[in-house]
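Trainee: Let me give you the structure first, and then I'll get to my questions.
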Amino acid sequence: MNATQDMNISPGLPWWKTPAMWLVVGLPAVVVVFGFFTLWLAVTRPDAVVDPNYYRKGLALEQRGAGVEKAQVPAQMGRNHAMTPDKDLPARRN
């Protein structure tokens, strides 16, 4: 081959007909479009308002559930100590 044959290489496909170029340009473009869609969703749909009395309602639930919590203590102790080695367990109460 000589230099003139190297210069006469036929051109390839135009960039818009190359599938790899659509991946390089198209995928980031899709991400940008969906990013703006997510931004639009966040701006147009406000979060639910927290109840102004949430603290009082929480205290009422805590007071009502005090008996249930005592009933669950043995189960919670068993769950918490299921994987604890025997030497690290607290001394048993009689």
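Trainee: For the stretch 23-46, indicate whether the set of residues that are within 26 Å of the chain's Cα centre (by Cα) and in a loop (DSSP other than H, G, I, E, B) is non-empty.
Mentor: Scanning the stretch 23-46 turns up at least one residue that is within 26 Å of the chain's Cα centre (by Cα) and in a loop (DSSP other than H, G, I, E, B).
Trainee: Condition (residue is within 30 Å of residue 16 (Cβ to Cβ) and modelled with pLDDT of 90 or more) applied to the stretch 39-49: is it met by at least one residue?
Mentor: Of the stretch 39-49, the ones within 30 Å of residue 16 (Cβ to Cβ) are 39-40.
From what is left, the residues that are modelled with pLDDT of 90 or more are 39-40.
Yes - at least one qualifying residue is present in the stretch 39-49.
Trainee: Also, quick follow-up: Provide a single number: the residues in the stretch 44-64 that are of a type in the set (Gly, Ala, Ser) and surrounded by 10 or more Cβ atoms within 10 Å (Cβ to Cβ). Outline the logic, then answer.
Mentor: Taking the stretch 44-64 as the starting set, the residues that turn out to be of a type in the set (Gly, Ala, Ser) are 48, 58, 60.
Pick out the ones that are also surrounded by 10 or more Cβ atoms within 10 Å (Cβ to Cβ) and you get 58, 60.
Qualifying residue count, the stretch 44-64: 2.
The values are calculated or read from the model by the stated rules, or taken from the named source; none is laboratory data. All of these numbers come straight from a predicted model, not from anything done at the bench. Methodologically, a virtual Cβ is constructed for each residue, glycine included, from the backbone with ideal geometry; neighbour enumeration extends over all protein chains shown.
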